[in-house]
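Read through the structure below, which is laid out as structure tokens, and then see the notes.
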Amino acid sequence: MELLSGADMIARFLQDEGIEYIYGYPGGAALHIYDALFRQDKVKHILVRHEQAATHAADGYARASGKAGCVLVTSGPGATNAVTGIATAYMDSIPMVVLCGQVASHLIGEDAFQETDIVGVTRPIVKHSFSIRHPSEIPEVLKKAFYLASTGRPGPVVVDIPKDMTAPTERYEYVYPKKVKLRSYNPVTRGHTGQIKKAVEMMLKAKRPVFYTGGGVVTGKASEGLTDLVKQLGYPITTTLMGIGAYPQSDRQCLGWLGMHGSYESNMAMHHADLIIAIGARFDDRVTNNTSKFCPTAKIIHVDVDPSSISKTVRADVPIVGPASSVINEMISLVQGHNVAHPEALTEWWEKIDGWRADREGKLYEPSKPGEALKPQEVIEALCRVTRGEAYVTTDVGQHQMFAAQYYKFDKPNRLITSGGLGTMGFGFPAAMGIKQNYPDDDVVCVTGEGSFQMMMQELSTCKQYGVGVKIVNLNNASLGMVRQWQDLNYKSRHAHSYMESLPDFHMLIEAYGFTAITVNTLDELEPALERAFADKHELVFLDVKVDPFEHVYPMQVPLGAMRDMLLSKTERT
Amino acid sequence: MRHIISILLENEPGALSRVVGLFSQRNFNIETLNVAPTEDPSLSRLTVTTVGDDRVIEQITKHLNKLIDVVKLVDLTEGNHIERELMLVKVKALGAARDEVKRTVDIFRAQIVDVTPSLYTVQITGDAGKLDAFLQAMAPVGILEVARTGVSGIARGDKVLSL
């Protein structure tokens, strides 16, 4: 029998759970835990410069690897600083365990120094939370936390740990719990066979079908199955922003992504479809536009592991509660050996889709002319070429995020790492940091804007401390581009606080941390600068790319319209 | 439509706040809420009455079921059920009204559980409609204080909400 203090139990549990990196920031209530981490060397602690970055870094790692990320913060401000990152993970269903120090039990409720009711604060943005009430329950609670975070529909779990629970003087028996049981939590392991059969019958009879798949396929590790199923049927597929890469974007059957800034052909196909096969997607408002005008002629099959996602905003005709992977596999076996009922209708459907595609070919944006400012779109296209479409691309939020998603072609899941649900500016850089540490031999690039980057740029210091060689492509338009775009469209170009008068000299800023910065002003400077940036995988390089501040993101769905109602450029609309 | 949802909830600190928080977070409605431990000390039974169309009620039950602390739930209004609420009311009881109050209490099959020279404390159980009717009847006499428990309910017949 092994006797360990609460703090040592935490360190040991993390080892036994196979956690390699934990992101955090020390403080009074977490010091026993920090001391325990110091006395071992299996779990590596990464000291961030702000707790929000710790959550984003763990989140980035979780998105890239499919495993739960782990965060350690102290009580009070340490924990509240983590809140934005917890909400980010919650909205995108990312597995994460956040260990929060707390003031000692006897002080709770007394407004003690650095006391916050973090379980209360985070209640609406966690999958579940725990408060440790006795040191002996630490192994079991932590096991439950990781189990809950990473099974079913994943999400963040907060564990609140009062300081006295980790006191070095009190020791209890430690056994690593291999299994946990929660009587009220049994995530479904497969879908209803009858419903799946019914869905497959509808799929085979469809004349204008579209697959619409989301992040659930990525987190549910169902990309391969999805690709098989879609290829077998020969149907078009569009994904959500979160689902990008679950089906190879370079394949002809992939129409790109859909919704507010989705591709013209995706949104047109959705609007005209007679059958929508939604898998691991949640009919979010950035996808559906006005739900009352959404896909008027379509029947809807909706597969999701979370029953509350089904018929939440759009009623499903065939609801299937189950994990994407097992439902898709069952669908594949039912489809095999069967032919589609209306091959001629499908040929017609593809002709229509190819027509929509051809309509916009070469018209997506106007490339810059010599002497003009670079277009952000061409920067992303060049980035994709230089990294052969294989990099992990993290983004912040705004125009650059949409451009990155539109113009980088992702053929693999878990490669576009972006805050889709919460839309958190500041996410991209720390997320890239978390990914790069775990995948040191891969290219990891953060596509950002000067607005977002300034929200988390203190992490340059963390990158310096740990030698993290991420690349940063700053699409610098000297304004909050997406805000500005909306102001152009809806507020007669009154640019209320969307312009930053005093930007730092990014070149000097980056060099102050000892890194390389390259400023890019013209198209001929672009590719050499990118080549230079990616020459050494282990060097942090910052590209400050001056781009056209007047550029807008298109297509853009017209508010309150149907899927097909889009602005296609500053002068065209559907 | 009004629904009565009964929930078996882990008897854990914070569990109740998760349920209540869910309703405000998702813009659902709570009309009454009643919670107490059951014969199994690890479980509380919580009964909530809410109003919404089928879509909303479906979302409410799905989201409640998602809460880790919710062990089991039933929408009692889906079948035959018994619904009760308990109310304690202090009413003025002076002069001629004293007899009048007593008569009304008898008609409603309520009980007077405490007496002072100037008031009665009445205990009454029943469904919400009966309690509302009693309050209406007492209004002219003068209601001084009302304490209602909120609805509790149970299914009729063999159906049992247990683990």
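The values are calculated or read from the model by the stated rules, or taken from the named source; none is laboratory data. Only a predicted model underlies this, so the values are computations on that prediction, with no experimental measurement involved. Here the Cβ positions follow ideal geometry from the backbone for every residue, glycine too, while neighbour counts run over all protein chains shown. These accessible areas exclude ligands, DNA and RNA; they are computed on the full protein's heavy atoms, side chains included. Shrake-Rupley method; radii C 1.70, N 1.55, O 1.52, S 1.80 Å.
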Taking the Cα centre of segment A:193-360 as the origin and placing charges on Cβ (Lys, Arg +1; Asp, Glu -1), which of A:Tyr247, A:Pro209, A:Gly234 is farthest toward the positive end of the dipole? A:Pro209
Summarise the long-distance tail of P(r) for segment A:3-173 by giving the % of C-alpha pairs beyond 18 Å. 53 percent
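Any idea of the accessible area per residue across chain A, 1.4 Å probe, to the nearest Å²?
Working: 22220 Å² over 574 residues.
In whole numbers, chain A has 39 Å² accessible per residue.
If you place +1 on the Cβ of every Lys and Arg, -1 on the Cβ of every Asp and Glu, and leave all else neutral, what size is the dipole of the protein assembly as shown about its Cα centre, to the nearest 20 Debye? Write down the numbers at each step before the final one.
On the way: 76 positive and 86 negative charges, 358 e Å.
Dipole of the protein assembly as shown, to the nearest 20 debye: 1720 debye.
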In debye, nearest 20: dipole of segment B:2-79 around its Cα centre with unit charges on the Cβ of K, R (+) and D, E (-)? 220 debye
For segment A:376-553, the accessible surface attributable to carbon and sulfur atoms (probe 1.4 angstrom, ligands and nucleic acids excluded) amounts in percent to 53 percent
Where in segment A:117-156 does accessible area fall by at least 50 Å² between the isolated chain and the complete protein assembly, at a 1.4 Å probe radius? A:Arg123, A:His128, A:Arg133
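Taking the solvent-accessible surface of protein heavy atoms with a 1.4 Å probe, what is the per residue accessible area of segment B:82-152 in Å²?
Values: 3900 Å² over 71 residues.
Normalised by residue count, the accessible surface of segment B:82-152 is 55 Å².
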With a 1.4 Å probe on protein heavy atoms only, tell me which residues of segment A:167-188 lose at least 50 Å² of accessible surface in the complex relative to the chain by itself. A:Arg183, A:Ser184
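Restricting to Cα pairs below 8 Å that are 6+ residues apart, what does the relative contact order work out to for segment A:184-314? Please round to a whole percent. Provide the component values of the computation, followed by the final result.
On the way: 210 pairs, mean separation 33.4, N = 131.
About 25 percent, as a whole number.
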From DSSP H assignment alone, runs of 4+ in chain A each adding -39500 (n - 2.57), the sum over residues rounded to the nearest 500 puts [θ] at 222 nm at -10500 deg cm²/dmol
Can you give the charge dipole size of segment A:176-275 about its Cα centre, rounded to the nearest 20 debye, using +1 on the beta carbon of Lys and Arg and -1 on the beta carbon of Asp and Glu? 680 debye
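Leaving ligands, DNA and RNA out of it, report the carbon-plus-sulfur percent of the accessible area of segment B:82-152 at a 1.4 Å probe.
Working: 2090 of 3900 Å².
It is 54 percent, rounded to a whole number.
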Going by Cα centres, segment A:269-310 and segment B:84-138 are how many Å apart? 55 Å
Check A:Leu374: other-chain or 5+ apart residues with amide H under 5 Å from its amide H, H built from backbone geometry? A:Asp548
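Need one number: buried accessible surface between chains A and B, 1.4 Å probe, both sides summed, DNA, RNA and ligands left out, in Å² to 100.
Working: alone 23120 and 9320 Å², together 30680 Å².
Using a 1.4 Å probe on protein heavy atoms, the buried area is about 1800 Å².
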Kindly flag which residue pairs out of A:Lys409/A:Lys537; A:Lys205/A:Lys412; A:Lys42/A:Lys409; A:Lys178/A:Lys436; A:Lys464/A:Lys546; A:Lys221/A:Lys546 have an alpha-carbon separation exceeding 32 Å in this structure. A:Lys42/A:Lys409; A:Lys221/A:Lys546
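Taking the Kirkwood radius as the inverse of the mean 1/r across Cα pairs, report the Rg/Rh of segment B:82-152.
Details: Rg = 11.3 Å, Rh = 11.9 Å.
We get a ratio of 0.95 for segment B:82-152.
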Rounded to whole Hz, the Karplus (6.51, -1.76, 1.60) HN-Hα couplings of segment A:387-400, x for glycine and proline: 9, 6, x, 10, 6, 7, 10, 9, 9, 8, 10, x, 4, 4
When the charge dipole of chain B is computed with +1 on Lys and Arg Cβ and -1 on Asp and Glu Cβ about the Cα centre, the Cα farthest towards its positive end, among B:Gly153, B:Asn11, B:Val91, belongs to B:Val91
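For segment A:3-173, calculate the relative contact order in percent as a whole number, restricting contacts to Cα pairs under 8 Å that are 6 or more residues apart. Write out the running numbers ahead of the final one.
Values: 382 pairs, mean separation 49.0, N = 171.
That works out to 29 percent.
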Yeah, chain A with a ≥ b ≥ c from its alpha-carbon gyration tensor (a/c under 1.5 is rounded, else prolate when a/b outruns b/c, oblate otherwise) is oblate
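Is the C-alpha gyration tensor of segment A:394-460 telling us rounded, prolate or oblate? Criteria: a/c under 1.5 is rounded; beyond that, a/b larger than b/c is prolate, otherwise oblate.
Because a/c hits 1.5 or more and a/b fails to exceed b/c, segment A:394-460 counts as oblate.
Where in chain B lies the longest segment free of trypsin sites (Lys or Arg not before Pro) that are both loop residues by DSSP (not H, G, I, E, B) and have at most 16 other Cβ atoms within 10 Å? Don't skip to the answer; put the middle values down first.
Numbers: sites that count: B:Arg26, B:Arg109, B:Arg156, B:Lys159.
The reported range is B:27-108.
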Which shape class applies to segment B:9-138: rounded if a/c is under 1.5, otherwise prolate when a/b exceeds b/c and oblate if not, where a ≥ b ≥ c are the square roots of the Cα gyration tensor eigenvalues? prolate
Under 5 Å between amide hydrogens, which residues at least 5 positions from A:Gly243 or on another chain qualify, with H placed 1.01 Å from N in the peptide plane? A:Gly215
